[in-house]
1. Return the aspartates and glutamates within reach of LYS211: Cα separation strictly under 15 angstrom, same-chain partners fewer than 8 residues apart disregarded; answer none if there are no such residues.
2. For the range 165-220 and the range 120-146, write down the distance between their C-alpha centroids in whole Å.
3. Plugging the Kirkwood radius over Cα pairs into Stokes-Einstein for the range 153-228, at a temperature of 10 °C and a viscosity of 1.306 mPa s, what D comes out in µm²/s?
4. Note the full-extension length gain between SER151 and ASN127 as 0.36 nm times their separation in residues minus their Cα-Cα distance, in nm to one decimal.
5. Could you go through the range 138-147 in sequence order and give the Karplus-derived ³J(HN,Hα) for each residue, using 6.51 cos²θ - 1.76 cosθ + 1.60 with θ = phi - 60°, rounded to whole Hz, and x for Gly and Pro?
6. Using the Cα centre of the chain as origin and beta-carbon charges of +1 (Lys, Arg) and -1 (Asp, Glu), tell me which of ALA96, ASN173, SER162 is placed farthest towards the positive end of the dipole.
7. Could you list the trypsin sites (Lys or Arg not before Pro) in the range 84-124 that lie in coil according to DSSP, counting only those with at most 12 other Cβ atoms within 10 Å of their Cβ?
8. Can you compute the modelled spin-label distance between ASP183 and ALA90, with each label point 7 Å from Cα toward Cβ, in nm?
Amino acid sequence: MISKYNILIIIIISGLFFSCHKENYQEEITPEDIISKTLQSMKLNNNFEFSLHHEKGFIDIGNNINLLSAKGRITENGLSIDSESSLGRALIKTSAIVIGNRTWITNPITQSWIEIPSDESPLNFINLDLLISEILGDINDITLNDQNPESYYISANSNSNSFTSLVGSVVQNKNVNIELEIDKNSNLIKKVIIYGQVQKTDKKDFKRIIKFYSYGKNNILSPPKIDD
């Protein structure tokens, strides 16, 4: 005959078993599921900060100017960006603000602001909102390499055509390897690493790193003050 004590032990063990089974089941998420959730979460966030740098390489933005690094903000009303580029041996530092169909840029020598036609900005191709949608919407061979309590680490293959919103002119239909770090709680991207040839002038060992942070701060951009 089973005693009340034994029944209690059985109930506790059964509860622990089902609890562990449920926890393990919840952890069984596929890489495709993670990407799908991330794509939806990124679509809902149009306020964030970013940084771009090259461990090797650059972005050819025309007129013999190579973009080396940049940082800035995407907001619901526009884009602000600070960039460093090279022209031969010269280093050029420039800032730009884009609000609607208006664009302001700093003179690289005096650093004073001037307004220019939007289609004349050397950085008018950059659209990180669109870039993320294009990358996540057209990747394959998705692999979950690792995870910890904070992040998923994913690798995948993409196509060079998906990077127009980062580099402007791309080489057509080249395989591009990427790595993603994705926040587990928010399903938002923390980091993207891009390997290989995206532009015609790229070498195969180019490595671009984009970091995303400070989501959801609802920053609103204002036009810069222009000295008369």
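The numbers here are math on the coordinates, done by the rules we state, and not lab data. Bear in mind that the values here come from a model prediction, so they are computed numbers and not experimental data. Here the Cβ positions follow ideal geometry from the backbone for every residue, glycine too, while neighbour counts run over all protein chains shown.
1. Candidates past the 8-residue exclusion: GLU49, GLU55, ASP82, ASP129, GLU179, GLU181, ASP183.
2. After rounding, the separation between the Cα centres reads 6 Å.
3. 109 µm²/s
4. 6.2 nm
5. 9, 10, 8, 6, 7, 10, 8, 7, 6, 7
6. It is ALA96, whose Cα lies furthest towards the positive end.
7. Here the sparse-neighbourhood loop sites are ARG89.
8. Between ASP183 and ALA90, the simple spin-label model gives 4.0 nm.
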